[in-house]
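What follows is a short report on a single structure.
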Amino acid sequence: MDFVFASKPDGKGTFDNNNRLDYHVDIKGGVDKATGEKLKEPPLHIVSISVEMAPIAKVGGLGDVVTSLGRACQEEGHKVEVILPKYDTLDYSAIQDFKEITGFSWGATYNRVFHGKVEDIDTYFIDPENGMFRVGMIYGTDYLEIPMTDAERFGFFSKAALEFMLQSKRQPDIIHCHDWQTAPCAKAYWEDYAPYGLNNPRVVFTIHNLNYGAELIQEAMTYSQAATTVSRTYRDEVSGHESIHENIGKFHGVVNGIDPDIWDPANDDFLPRYYDETEVIEGKAACREALCAYSNIPNKPGVPMVGIVTRLTPQKGVHLIKRGVMRALERGCQVILLGTAPDPTIQQDFDMMFHQLKQNHHDFMAFHLYYNEPLSHLIYAGSDLLLVPSMFEPCGLSQLIAMRYGTVPVVRRTGGLNDTVFDYDVDHKKAEWEGMKPNGFSFDGMDDGAIDFALDRAINLAYDKPKDFRALQANCMSQDWSWNRPALEYIEIYHAARKPY
């Protein structure tokens, strides 16, 4: 956050030196001379319109962001509400005080509205009686024999959410919409709702994934007052995209955080024992033993354990994952992979690779070619190194989770990986600039030599300087990759979005 101090006693004379991101509020803790009351930042009313929300309707990282950012903003004193479709697949066990509260006719159907608390966030659920969200899934209706596509369903929902705000006389400060699914909110708000009474909000739009809905994203970029994506480097990487480049001046990169209540080795019931940075050796040793037992391989504590937790897709660097496995085994490491491939050809390829390598490395490797949430926690905790060689990675959470558990990430420099992993050998100044210390190893290329160079350096440190390696693990654990800092950046962006042009 930028601090801008007035050059005159009356508070005037401030200078905006950061592309409209500076906003002028009285410093917390000050006192109003006229009333004697303490001054504080004015609270914002933020409404997030989304098609995902963890843990009740989660497919990918979008759901995590909506919930975790909302909680973090609430902790800063702001009012947060979420509007979500009422899917028939919701996890109702995670919704408190769920009940129907109102309804409205719109879009040639009656829309029932429900309310409940999700992770202490006020959440409103829209249930149109035309059955758009009673199809047994969040995404995928394009492939069903029913007369509606995902684009039609979410386009309807985007406008229904605005209609609910209009009819319930809400006037939030910020409408935050996400990805192509609720991108239609931006244009619809300014053309169909602001002229008719819902005129206080300003629109912030976040791109989580640029691979879908380019036209809708471009429209939202045009009509929003501020736009974000999930890391600074990814923002630079996509800045020339046709959906973005005309509005690059209002496009900001903010690295996602992780929820420390979910990812906390000091309070993780999926682990055989709790630990923090003061017990990194003992805690990780117990987790490694349990991990090896689960994987049916002997525990060899004298060699590094390399973990991989990923979807097996081209984006995640399938060829580099294969090379990383081979190189780690060549260096005498143990390797455990947890991942599944949507493409059956890739799934079969890894299954074949496992059976071939197992003949000569049966005590050193295990592939779990499925997804298992408890096992992912155990791999993050029981590994020494985590390999993340993505071709592109808008933000990436696995490297942040790994560090939270004292596991050193080895990553390819792209997107959020570049913004969060500071190379142990070459990024001392970069880490210092971020107020941190080096926390991993990284590489730039896409070939065997590139990943070998980074992985070898990490393995060499573990073998040759074990005390230094343990200190690096403890340092990873001590770093704060929660939503505390990203939330402050978003609050600044929210305020900037409300500034008059």
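Residue pairs whose Cβ atoms lie under 8 Å apart, separated by 6 or more positions or on different chains, with the first residue in the range 294-318 and at positive phi and the second in a loop (DSSP other than H, G, I, E, B), are Gly317/Pro389; Gly317/Ser390; Gly317/Met391; Gly317/Met446.
Return yes or no: is Val254 under 18 Å from Leu397 (Cβ atoms), in contact (Cβ under 8 Å) with a residue 40 or more places away in the chain, among the aliphatic types (A, V, I, L, M) and buried (at least 16 other Cβ atoms within 10 Å of the Cβ)? Judged against the criteria, Val254 is a match. Set side by side, the residues Asp419, Asp425, Asp468, Asp456 differ, and just one is in contact (Cβ under 8 Å) with a residue 24 or more places away in the chain, of a type in the set (Asp, Glu), assigned to a helix (DSSP H, G or I) and surrounded by fewer than 18 Cβ atoms within 10 Å (Cβ to Cβ), which is Asp456. Within the range 123-141, one or more residues are closer than 25 Å to Arg498 by Cβ, of a type outside the set (Gly, Ala, Ser) and in contact with a Lys or Arg (Cβ under 8 Å, 6 or more places away or on another chain).
Within the range 42-61, the set of residues being over 22 Å from Ile262 (Cβ atoms) and part of a loop (DSSP other than H, G, I, E, B) comprises Pro42, Pro43, Leu44. What about Gly332, is it crowded, with 16+ Cβ neighbours inside 10 Å and of a type outside the set (D, E, K, R)? No: the conditions fail for Gly332.
The set of residues in the range 335-350 being surrounded by 13 or more Cβ atoms within 10 Å (Cβ to Cβ) and assigned to a helix (DSSP H, G or I) consists of Ile346, Gln347, Asp349, Phe350.
Just one of the listed residues (Lys429, Lys499, Lys465) is among the basic types (Lys, Arg) and closer than 28 Å to Ile207 by Cα, namely Lys499.
Might you check whether a residue that is outside any helix (DSSP H, G or I) and either at pLDDT below 95 or under 25 Å from the mean Cα position of the chain (by Cα) (or both) occurs anywhere in the range 62-74? Even if it seems obvious, please write down each step before you answer.
To start, the set of residues in the range 62-74 that are outside any helix (DSSP H, G or I) comprises none.
For the range 62-74, residues outside any helix (DSSP H, G or I) and either at pLDDT below 95 or under 25 Å from the mean Cα position of the chain (by Cα) (or both): absent.
Looking across the range 428-444, just one residue is aromatic (Phe, Trp, Tyr) and surrounded by fewer than 21 Cβ atoms within 10 Å (Cβ to Cβ), and that is Trp433.
Looking only at the range 375-399, which residues are aliphatic (A, V, I, L, M), surrounded by fewer than 24 Cβ atoms within 10 Å (Cβ to Cβ) and closer than 27 Å to Glu279 by Cα? Even if it seems obvious, please write down each step before you answer.
Of the residues in the range 375-399, the ones aliphatic (A, V, I, L, M) are 375, 378-379, 381, 385-388, 391, 397.
This time we only want the ones that are surrounded by fewer than 24 Cβ atoms within 10 Å (Cβ to Cβ), so: 375, 391, 397.
Of everything in the range 375-399, those that are aliphatic (A, V, I, L, M), surrounded by fewer than 24 Cβ atoms within 10 Å (Cβ to Cβ) and closer than 27 Å to Glu279 by Cα turn out to be Leu375, Leu397.
Determine if the range 295-310 includes at least one residue that is assigned by TED's automatic domain parsing to the domain that holds Val335, of a type in the set (D, E, K, R), surrounded by 15 or more Cβ atoms within 10 Å (Cβ to Cβ) and in a loop (DSSP other than H, G, I, E, B).
In the first step, residues of the range 295-310 are kept if they are assigned by TED's automatic domain parsing to the domain that holds Val335; the result is 295-310.
Next, from what is left, pick out any that are of a type in the set (D, E, K, R): 300.
Restricting the remaining residues to those that are surrounded by 15 or more Cβ atoms within 10 Å (Cβ to Cβ) gives 300.
Checking which are in a loop (DSSP other than H, G, I, E, B) leaves us with 300.
Scanning the range 295-310, I find at least one residue that is assigned by TED's automatic domain parsing to the domain that holds Val335, of a type in the set (D, E, K, R), surrounded by 15 or more Cβ atoms within 10 Å (Cβ to Cβ) and in a loop (DSSP other than H, G, I, E, B), so the answer is yes.
Filter the range 199-220 down to the residues that are of a type in the set (Ser, Thr, Tyr) and at pLDDT 95 or above and list them by number.
Initially, the range 199-220 is screened for residues of a type in the set (Ser, Thr, Tyr), giving 206, 212.
Thr206 - this is the single residue of the range 199-220 that is of a type in the set (Ser, Thr, Tyr) and at pLDDT 95 or above.
Is it the case that Ala462 is surrounded by fewer than 19 Cβ atoms within 10 Å (Cβ to Cβ) and farther than 18 Å from Thr228 by Cβ? Taking the combined requirement at face value, the residue does not satisfy it. Contact map, the range 225-238: residues that are within 30 Å of Asn199 (Cβ to Cβ) paired with residues that are acidic (Asp, Glu), Cβ distance under 9 Å, separation 6+ or inter-chain. Pairs shown: Thr228/Glu489.
The values are calculated or read from the model by the stated rules, or taken from the named source; none is laboratory data. These numbers were taken from a predicted model, which means no experiment stands behind them. Counting neighbours? That spans all protein chains shown, and the Cβs are built from the backbone with ideal geometry, glycine included.
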